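Heads up: the structure comes next, in structure tokens.
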Amino acid sequence: MIEAEHLNLFIASVLELGVKMLQLLYTVIFSEMLLILILLFKSPLRKLVILALDKMKRGKGPVMVKTVAGTVFIVLLANVYNLVDIKNRTNESGVLNPTDEVLMSMKMLENSLMGFFLFLSLMMDRLHHYIRELRFLRKAMEAAKRQNQSSQDDKNGSSEQLKTLVQENETLRTKIETLESEYETKAKKAKAAGSEVEALRKQSEGLLMEYDRLLADNQNLRSQLTSIEQSASHSDGKKNT
């Protein structure tokens, strides 16, 4: 009887902690997806997000981000180790008890969400990097065009100066074509990232359905444990009589 109560308390505490962890992961993941969507489309919010990310990458920001990512990665590895341990115990005994089944389901979902969180973090960092590069390329293109226009306005009748200006003009044109090519490449990468975000949104919906199924399984397991406890209590009562 006492062992059954301890088992129920342990399962309840594990489930409560797991549900809180899942809620936190879902909140962080949806926040990251919202930030990625804001970065993909030009809007006033996009400028605010870019400024916030710029400030985050200064000072102690990168250290804090790496610390959080490292912690999540370590927890992910620990969960993988726990899953392997549960699987080994199941192979030895040949039977998967309700406690191990609940733990395995929770750990698998947590691992999926943590991996998803790390992937979205990396994607958001790369998007921010590409957006900054695109901004610098635009400024460089505008400066090159102004310089090209200035060189054309300053042409004179001297043959030597004319040759020099022609050479500079050709160099600037080549540079502009290179910058435009780089700009198109970055734009294609940003568009590809948008497609990946849509795919990730669909995957997140699947994870939500899996989460609902796990909650239903959890309720069924609790009902089974309650029935087992009542049966054990009834048996002990008969023995005492």
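Taken together, the values in this text are just the output of simple stated rules run on the coordinates, not laboratory data. Since the model is a prediction, treat every value here as computed from it, not as a measurement. Counting neighbours? That spans all protein chains shown, and the Cβs are built from the backbone with ideal geometry, glycine included.
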Cα-projected label distance for residue 66 with residue 140, points at 7 Å along beta-carbon direction, nm: 2.6 nm
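Round to the nearest 0.05 the FRET efficiency obtained for residue 213 and residue 43 when R0 = 45 Å and r is the Cβ-Cβ distance. Present the calculation step by step, with values, prior to reporting the outcome.
Details: r = 37 Å, r/R0 = 0.82.
The pair residue 213/residue 43 has a calculated efficiency of 0.75.
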Efficiency of FRET from Cβ geometry, residue 186 and residue 150, R₀ 22 Å, rounded to 0.05: 0.20
Integer Hz, Karplus 6.51/-1.76/1.60 couplings in order for region 137-146, x for Gly and Pro: 5, 4, 4, 5, 5, 5, 5, 5, 5, 5
³J(HN,Hα), Karplus 6.51/-1.76/1.60, whole Hz, each residue of region 210-217, x for Gly, Pro: 5, 5, 5, 5, 5, 4, 5, 4
Under 12 Å, Cβ to Cβ, from residue 117 - net charge with Lys/Arg +1 and Asp/Glu -1: -2
Summed residue charge, Cβ within 13 Å of residue 48's Cβ, Lys/Arg positive, Asp/Glu negative: +3
Sum of side-chain charges, residue 216 neighbourhood, beta-carbon under 13 Å (Lys, Arg +1; Asp, Glu -1): -1
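Filter 47/188; 20/107; 55/145; 60/186; 42/189 down to the pairs with a C-alpha to C-alpha distance above 22 Å, please.
On the way: 47/188 20 Å; 20/107 13 Å; 55/145 31 Å; 60/186 29 Å; 42/189 16 Å.
Violating the 22 Å Cα-Cα cut-off are 55/145; 60/186.
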Burial ordering of 173, 46, 58, fewest other beta-carbon atoms within 10 Å first: 58, 173, 46
Residue-by-residue Karplus 3J(HN,Hα) for region 183-198, coefficients 6.51, -1.76, 1.60, Hz, glycine and proline x: 4, 5, 4, 5, 5, 5, 5, 5, 5, 5, 5, x, 5, 5, 4, 5
